[in-house]
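Only one structure is covered here, and it is reproduced in the block below.
The values are calculated or read from the model by the stated rules, or taken from the named source; none is laboratory data. This one's a predicted model, so the numbers in the text were calculated from it and none came from an experiment. Neighbour counts run over all protein chains shown; Cβ positions are idealised from the backbone, glycine included.
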Amino acid sequence: MKAAVDELKPILSRAGISSTGRYLIGTVQGDVHDIGKNIVIMMLEGNGWEVTDLGVDVSPEQFCNAVQNGNFDIVGMSALLTTTMVKQAETIKAFQTTGLKGKVKVMIGGAPVTQDYADEIGADAYAANAVEAVRKAASLISMTEKEA
């Protein structure tokens, strides 16, 4: 899949697709599953997003450092294990503590994650699959533009 995305990137660039926005993504600390995250990345890039992938087992501090040092519109966090979902909440709390919560929108996803959980922890959006992630990301950007 990664090889296919690498092949598609130059074609998409030549097609003149302008950047939709900048998206930071990673699988939360304690979780090494990345198939779903990689599918989301492929779909985002195919829809014009510039994606920075922090990989797997990403701590709240690593997410915060990346947001502080980058110019991202959205941060996406994936968790496949119920035991690692708490790291999504911890990362959002870290964003609040460091004053970064208002700087970026936060999306969460993963097999055990639900809309109720996203609401409970203060995420800006939840996506159940890659297609929905692209749609919700575009919606978050539209909301941000209206707020400005």
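Remarks
- Failed item in (1) outside any loop (DSSP other than H, G, I, E, B); (2) touching a helix residue (DSSP H, G or I) at 6+ places or on another chain (Cβ under 6 Å), with ASP31 passing the rest: (1)
- Top-ranked residue in the range 70-119 [being polar (S, T, N, Q) and within 12 Å of the chain's Cα centre (by Cα); ranked as nearest to VAL56 (Cα to Cα)]: SER78
- Restricting the search to helices (runs of 4 or more DSSP H) fully inside the range 44-148 and requiring at least 2 residues that are of a type in the set (Gly, Ala, Ser) and in contact (Cβ under 8 Å) with a residue 60 or more places away in the chain gives 130-147.
- Qualifying residue in the range 120-127 (condition: more than 15 Å from the chain's Cα centre (by Cα) and of a type in the set (Val, Ile, Thr)): yes
- Output for the range 1-33, where each listed residue is among the charged types (D, E, K, R) and either out of contact with any strand residue (DSSP E or B) (no Cβ under 8 Å at 6 or more places or on another chain) or at pLDDT below 95 (or both): LYS2, ASP6, GLU7, LYS9, ARG14
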